[in-house]
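Peer 1: Dumping the structure here so I can ask a few things about it.
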Amino acid sequence: MWWKKKEKKEEEKIEIKKEEDLLKELCGDDAKLYDFLGYYLLVDPLAGISQKDIDTLTEEAEKSGNFRPAVDKAIFEGAQNPAEREQYIKVIQNLASKTIRAMEQEIEKAEKEGLTDRATSLGKRIEDQKFMNERTEDILNIAARFYNEKLLGLGEDERREVRGKEKQRTESEERRIEEQEKAERETRKEERKKMGREERREAEKQEGREGLAAEERKEARADQRRETEREEGRIGEQEKTGRETRKEERGRN
């Protein structure tokens, strides 16, 4: 439905705004670093980064001229492996150099064909690669903090989704039980119409006991639902406190 698409777009806008705010906070007054990382860091690295290893991605890039997947992979892995930071700095700088050479060849081709706009665009990409080569360590430092926060957030989202599905399952089961109990009451009511006076009186007593038991089960389910909602609230507060604590720590660093 169109309104669902609209809601999804609004959610995406909010998510992008959060990422921009986080990145701006991490980069501070370094506008060039902010602009570069705003283009190169991924909102969902687990979904956006190739599962292939860097060597394979580099080999493919040398044939296609597109080094971006390899660069994305190298920045993410370098951010996640601080003990191997120096190794990844060299890998990223090597990829930057390879990209520059590939872009220079493309510029020559574009200029010969009179494609000035493409040549200008490629020139801007070369400047980005030079920046990456010069500021690799800073890029990895910010990427490490950004991706750490993103992965924590994605973990929270995943757990929240699991809890949401469990809540839906519980509510669906509760509706099924209530509909089943209602159908059983209707059946017993029809059966009582065919009974004699004494038999009907005894059946009505039994119906009363069944009704009390059904109410107790319903109240027990309601108590469980309220406890689940309280637990959801506690988890939400813990996650919020964790986010605020990390934000304060980032501000001190």
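Peer 1: Residue check: is ILE139 modelled with pLDDT of 95 or more, surrounded by 18 or more Cβ atoms within 10 Å (Cβ to Cβ) and part of a helix (DSSP H, G or I)?
Peer 2: Here the answer is yes, as ILE139 does meet what is asked.
Peer 1: Sticking with this structure for a sec: Working only within region 38-77, note down all residues that are under 30 Å from GLY28 (Cα atoms) and among the hydrophobic types (A, V, I, L, M, F, W, C). Can you show your working first?
Peer 2: Filtering region 38-77 down to residues under 30 Å from GLY28 (Cα atoms) leaves 38-50, 67-77.
Across region 38-77, the qualifying residues are LEU41, LEU42, VAL43, LEU46, ALA47, ILE49, PHE67, ALA70, VAL71, ALA74, ILE75, PHE76.
Peer 1: Somewhere in region 125-145, is a residue among the β-branched types (Val, Ile, Thr) and without any contact (Cβ under 8 Å) to a residue 12 or more places away in the chain?
Peer 2: No, because not a single residue in region 125-145 is among the β-branched types (Val, Ile, Thr) and without any contact (Cβ under 8 Å) to a residue 12 or more places away in the chain.
Peer 1: Now for a separate question. May I ask you to verify whether VAL91 is of a type outside the set (Asp, Glu), at pLDDT 90 or above, surrounded by 13 or more Cβ atoms within 10 Å (Cβ to Cβ) and more than 26 Å from the chain's Cα centre (by Cα)?
Peer 2: Considered against the rule, which asks whether it is of a type outside the set (Asp, Glu), at pLDDT 90 or above, surrounded by 13 or more Cβ atoms within 10 Å (Cβ to Cβ) and more than 26 Å from the chain's Cα centre (by Cα), VAL91 comes out as yes.
Peer 1: Given the residues GLU106, GLU111, GLU84, GLU77, which is the only one that is surrounded by fewer than 13 Cβ atoms within 10 Å (Cβ to Cβ), in the same structural domain as LYS52 (by TED's automatic domain parsing) and part of a helix (DSSP H, G or I)?
Peer 2: Checking each option against the conditions leaves just GLU84.
Peer 1: Within the group GLU198, GLU156, which residue is out of contact with any strand residue (DSSP E or B) (no Cβ under 6 Å at 6 or more places or on another chain) and either surrounded by 10 or more Cβ atoms within 10 Å (Cβ to Cβ) or of a type in the set (A, V, I, L, M) (or both)?
Peer 2: Working: GLU198 fails: either surrounded by 10 or more Cβ atoms within 10 Å (Cβ to Cβ) or of a type in the set (A, V, I, L, M) (or both).
One residue alone meets the criteria, GLU156.
Peer 1: Are any residues in region 44-74 in a loop (DSSP other than H, G, I, E, B) and farther than 16 Å from ALA144 by Cβ, and if so, which ones?
Peer 2: The answer is ASP44, SER50, GLN51, LYS52, ASP53, GLY65, ASN66, PHE67.
Peer 1: Being closer than 15 Å to ASN141 by Cβ and among the hydroxyl-bearing types (Ser, Thr, Tyr), is that true of even one residue in region 62-70?
Peer 2: no
Yes/no per residue for (1) modelled with pLDDT of 80 or more; (2) not assigned by TED's automatic domain parsing to the domain that holds ALA47:
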{"position": "ALA143", "(1), (2)": "yes, no"}
{"position": "GLU156", "(1), (2)": "no, yes"}
{"position": "ARG159", "(1), (2)": "no, yes"}
{"position": "VAL162", "(1), (2)": "no, yes"}
{"position": "LYS167", "(1), (2)": "no, yes"}
{"position": "ARG175", "(1), (2)": "yes, yes"}
{"position": "GLN180", "(1), (2)": "yes, yes"}
{"position": "ALA183", "(1), (2)": "yes, yes"}
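Peer 1: hydroxyl-bearing (Ser, Thr, Tyr) and in contact (Cβ under 8 Å) with a residue 12 or more places away in the chain, is that true of THR241?
Peer 2: no
Peer 1: Let me ask you something else. Name, by its number, the condition in (1) more than 28 Å from the chain's Cα centre (by Cα); (2) not in a helix (DSSP H, G or I) that does not hold for ALA119.
Peer 2: Going through the list (1) more than 28 Å from the chain's Cα centre (by Cα); (2) not in a helix (DSSP H, G or I), ALA119 breaks only (2).
Peer 1: With the requirement that a residue be of a type in the set (Val, Ile, Thr) and either free of Cβ contacts under 8 Å to residues at least 24 places away in the same chain or in contact with a strand residue (DSSP E or B) (Cβ under 9 Å, 6 or more places away or on another chain) (or both), what does region 176-195 give you?
Peer 2: Hit for region 176-195 is THR187, nothing else.
The values are calculated or read from the model by the stated rules, or taken from the named source; none is laboratory data. These numbers were taken from a predicted model, which means no experiment stands behind them. Here the Cβ is made from the backbone with ideal geometry for all residues, glycine too, and neighbour counts use every protein chain on show.
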